[in-house]
Amino acid sequence: MKKVLIAVFVLLGLLIVFIGGFIMWGAGVYDSAVKLQEDVNAEWSNVQSTYQRRMDLIPNLVETVKGYANFEQETLTGVIEARAKATSVNIDPSNVSPQQFAQFQQAQNGLSSALSRLMVVVERYPDLKANQNFLDLQAQLEGTENRINVARQRYNESIRSYNTYVRGFFKRFALGVFGGGEDFSVRKGFEASEGAERAPEVKF
């Protein structure tokens with residue numbers, strides 16, 4: 001009887017150690033997933049900030065260009081409409097469908113294309129190209145486009161790290177047990193598109 005009791009206590013001890021270890025491991029998985037999720041959210045905030053900087057530059061750019069009476073109105077209208085469309089598409093990447101994210105990316109890429117067309121047309125206006133205010137805006141726009149590319153790349157890197165982590169079989173199980181209903185689903189990143197690997201050409 002004494003041996004049986006000892007065996008029972010040993011088994012209970014092992015069970016307690018196992019359960020304790022499992023809880024500590026699960027808590028560690030949860031904490032790591034939360035940190036990676038926060039990293040993704042922080043990088044997304046940087047993406048939004050750089051896009052907003054571009055939005056803020058465009059009205060001044062349009063006003064400067066409009067001062068040249070013969071400038072093609074269709075080109076300016078294209079920029080204004082593309083900006084309005086990009087501004088209207090706002091998403092929360094933590095709760096968004098692939099279709100919504102694709103719509104956001106398409107709107108932003110459309111604005112990049114409209115700005116590229118604007119800069120091509122500016123080539124026909126030597127006086128505008130020499131305008132100091134335009135030159136300053138051009139330099140700021142170029143820098144902003146580069147920042148957008150960097151922010152998008154960093155966001156995609158954080159997405160890859162997060163998605164790789166939460167898709168692991170045992171980690172998915174632990175997050176299901178310890179997640180408390182929090183959403184640790186796979187996130188959507190920016191996809192490469194034609195010309196997306198470089199900033200629009202705004203140099204002369």
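As a summary of the residue check, Leu115 satisfies the conditions (1) touching a residue at least 40 places away in the same chain (Cβ under 8 Å); (2) more than 19 Å from Arg83 (Cα to Cα) except for the one numbered (2).
Hey, any hits in the stretch 22-36 for a residue that's among the acidic types (Asp, Glu) and touching a residue at least 24 places away in the same chain (Cβ under 8 Å)? Taking every residue of the stretch 22-36 in turn, none turns out to be among the acidic types (Asp, Glu) and touching a residue at least 24 places away in the same chain (Cβ under 8 Å). State whether one or more residues within the stretch 90-104 are modelled with pLDDT of 90 or more, touching a Phe, Trp or Tyr at 6+ places or on another chain (Cβ under 8 Å) and not hydroxyl-bearing (Ser, Thr, Tyr). Within the stretch 90-104 (the criterion being modelled with pLDDT of 90 or more, touching a Phe, Trp or Tyr at 6+ places or on another chain (Cβ under 8 Å) and not hydroxyl-bearing (Ser, Thr, Tyr)), the answer is no, since none of the residues qualifies.
Within the option set Gly168, Gly179, being farther than 26 Å from Ser49 by Cβ and either touching a Gly at 6+ places or on another chain (Cβ under 6 Å) or surrounded by 17 or more Cβ atoms within 10 Å (Cβ to Cβ) (or both) holds for one residue only, Gly179. If Val47 passes every condition in (1) buried (at least 17 other Cβ atoms within 10 Å of the Cβ); (2) of a type in the set (Val, Ile, Thr); (3) within 30 Å of Gln132 (Cβ to Cβ) but one, which one does it miss? For Val47, the exception is condition (3). Looking across Gly143, Gly179, Gly168, one residue alone is out of contact with any His (no Cβ under 8 Å at 6 or more places or on another chain) and touching a residue at least 24 places away in the same chain (Cβ under 8 Å). It is Gly179. Number of residues in the stretch 180-191 that are at pLDDT 70 or above and either among the hydrophobic types (A, V, I, L, M, F, W, C) or over 17 Å from the mean Cα position of the chain (by Cα) (or both): the value is 5.
Identify all residues within the stretch 90-112 that are surrounded by 16 or more Cβ atoms within 10 Å (Cβ to Cβ) and β-branched (Val, Ile, Thr); write none if there are none. If the condition is that a residue be surrounded by 16 or more Cβ atoms within 10 Å (Cβ to Cβ) and β-branched (Val, Ile, Thr), then Ile91 is the only one that fits.
Look at Gln37 and say whether it is more than 26 Å from Leu118 (Cα to Cα) and either assigned to a helix (DSSP H, G or I) or among the polar types (S, T, N, Q) (or both). Taking the combined requirement at face value, the residue satisfies it. Candidates are the residues of the stretch 50-74 that are among the polar types (S, T, N, Q) and part of a helix (DSSP H, G or I); the one that is surrounded by the fewest Cβ atoms within 10 Å (Cβ to Cβ) is Gln73.
The values are calculated or read from the model by the stated rules, or taken from the named source; none is laboratory data. Since the structure is predicted, the reported quantities are computational estimates derived from the model, not experimental observations. Virtual Cβ from ideal backbone geometry, glycine too; neighbours counted across all protein chains shown.
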